[in-house]
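To start, the structure itself, in structure tokens.
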Ligand SMILES: NC(=O)c1ccc[n+]([C@@H]2O[C@H](COP(=O)([O-])OP(=O)(O)OC[C@H]3O[C@@H](n4cnc5c(N)ncnc54)[C@H](O)[C@@H]3O)[C@@H](O)[C@H]2O)c1
């Protein structure tokens, strides 16, 4: 078993999630690489304090440059607000470390392109975070598409809905301001999640019409007084992909204001002969469509724990968010190690840049109420 020493920059929501995925690495049974959380950098000392409970962490620092100077760190995972992505990702790469970058891979298209170029120039192994396709259901949808069993594609929906912003009294944070979240707003938060599978299947939108929507214009700030919230909350991108000589509608749905949805990622692919539909709202359920003579048949399959990387967990049990975070890391480390094989891989830099090309076209489309080429 090879050991890879990982440093985390940004120990908030996602930094802690990654530490927990590493802590139960024994669950994985067919991987030859083990991550060891070696160092954590965060500007907030109370945030760093939590990581004292993780055995083996050698360095806790408020200055990430100190971590980057440590020759023992092989890979750095960065989970900080979007306006800090570019500077920190570039520093990581200049320090000679490999990078697992949180989405959206820079605050806008220009930043994403500069990060991608730095990855090429330094020759480091760079991938971007997107974990939902590692659920067994999306893996079945991907296999279904590749099998050709769906016939001629008719339509695709890929989306991510949550409702955490429906409460207008929820305090403002960095995700509510264009300065720190980006002008792309909800597309920066949820868009990479909706595009990972389509882009990997070769379905890059060629043109699109975007509907962007704002919800709550002000929220309580740090002192309780209202502060403006200027980011887009919901985005519906009506796109066309060109595949096998056909133009096929691909709808990308990203919503922070989706009544009834806590955190639902979904993917639906329909063709003339068959199709599949999966949502994390029913994490172990796969819906499969087939034509049976003159009948239209939807079947419901109760999925088990069929993860890309095998685990000790019983095959009939249910997977959840911590499992897919761990699977994404397994894919990152295996691909870096050259042992991914034909398993699904993390978002490549060119895919992250392509997602920003879609978001930039969406901003133009909404502003002009026009159909835009991507
Ligand atoms: N993959 C996913 O499912 C998922 C989910 C949520 C967020 N994210 C992404 O993760 C990133 C972070 O989001 P979050 O929800 O964890 O945010 P968060 O606010 O919970 O955590 C961010 C952390 O970064 C720290 N920080 C700020 N400036 C820093 C600096 N200069 N050096 C070191 N640390 C610094 C903050 O103190 C904070 O602890 C974003 O890119 C976000 O889009 C991904």
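Filter segment 43-82 down to residues that are within 27 Å of the chain's Cα centre (by Cα), within 17 Å of residue 5 (Cα to Cα) and assigned to a helix (DSSP H, G or I) and give me whichever is nearest to the ligand (Cβ to nearest atom).
The residue in question is 64.
I'd like the residue in segment 12-42 that is in a loop (DSSP other than H, G, I, E, B) and in contact (Cβ under 8 Å) with a residue 60 or more places away in the chain and, out of all such residues, is surrounded by the most Cβ atoms within 10 Å (Cβ to Cβ). Can you show your working first?
Within segment 12-42, the first condition is being in a loop (DSSP other than H, G, I, E, B), and the residues that meet it are 12, 24, 29-32, 42.
Imposing the further condition that a residue be in contact (Cβ under 8 Å) with a residue 60 or more places away in the chain reduces the set to 12, 24, 29-32.
Working: 12: 16, 24: 13, 29: 10, 30: 12, 31: 22, 32: 10.
By that ranking, first place goes to 31.
Going by the structure shown, is residue 80 surrounded by 16 or more Cβ atoms within 10 Å (Cβ to Cβ), assigned by TED's automatic domain parsing to the domain that holds residue 124, farther than 25 Å from residue 337 by Cα and out of contact with any strand residue (DSSP E or B) (no Cβ under 8 Å at 6 or more places or on another chain)?
no
Can you tell me which condition residue 210 does not meet? The list is (1) within 16 Å of the ligand (Cβ to nearest atom); (2) at pLDDT 95 or above, and all the others hold.
With respect to (1) within 16 Å of the ligand (Cβ to nearest atom); (2) at pLDDT 95 or above, residue 210 is out only on (1).
From the list 111, 101, which residue is at pLDDT 95 or above, out of contact with any strand residue (DSSP E or B) (no Cβ under 9 Å at 6 or more places or on another chain), surrounded by 19 or more Cβ atoms within 10 Å (Cβ to Cβ) and under 17 Å from residue 348 (Cα atoms)?
Of 111, 101, the one residue that is at pLDDT 95 or above, out of contact with any strand residue (DSSP E or B) (no Cβ under 9 Å at 6 or more places or on another chain), surrounded by 19 or more Cβ atoms within 10 Å (Cβ to Cβ) and under 17 Å from residue 348 (Cα atoms) is 111.
Which one is surrounded by the most Cβ atoms within 10 Å (Cβ to Cβ), of the residues in segment 168-190 that are under 20 Å from residue 223 (Cα atoms) and within 11 Å of the ligand (Cβ to nearest atom)?
175
With the condition kept exactly as written, say whether any residue in segment 123-130 is within 13 Å of the ligand (Cβ to nearest atom), surrounded by 22 or more Cβ atoms within 10 Å (Cβ to Cβ) and outside any strand (DSSP E or B).
For segment 123-130, residues within 13 Å of the ligand (Cβ to nearest atom), surrounded by 22 or more Cβ atoms within 10 Å (Cβ to Cβ) and outside any strand (DSSP E or B): present.
Please find, within segment 85-98, the residue that is nearest to residue 334 (Cα to Cα) out of those that are within 13 Å of the ligand (Cβ to nearest atom) and in contact (Cβ under 8 Å) with a residue 60 or more places away in the chain.
Looking at residues that are within 13 Å of the ligand (Cβ to nearest atom) and in contact (Cβ under 8 Å) with a residue 60 or more places away in the chain, I get 92.
If residue 202 satisfies every condition in (1) at pLDDT 95 or above; (2) surrounded by 13 or more Cβ atoms within 10 Å (Cβ to Cβ); (3) farther than 20 Å from residue 163 by Cβ but one, which is the exception?
With respect to (1) at pLDDT 95 or above; (2) surrounded by 13 or more Cβ atoms within 10 Å (Cβ to Cβ); (3) farther than 20 Å from residue 163 by Cβ, residue 202 is out only on (2).
The values are calculated or read from the model by the stated rules, or taken from the named source; none is laboratory data. Computed from a predicted structure; not experimentally measured. We place every Cβ from the backbone using ideal geometry, glycine too, and count neighbours over all the protein chains shown.
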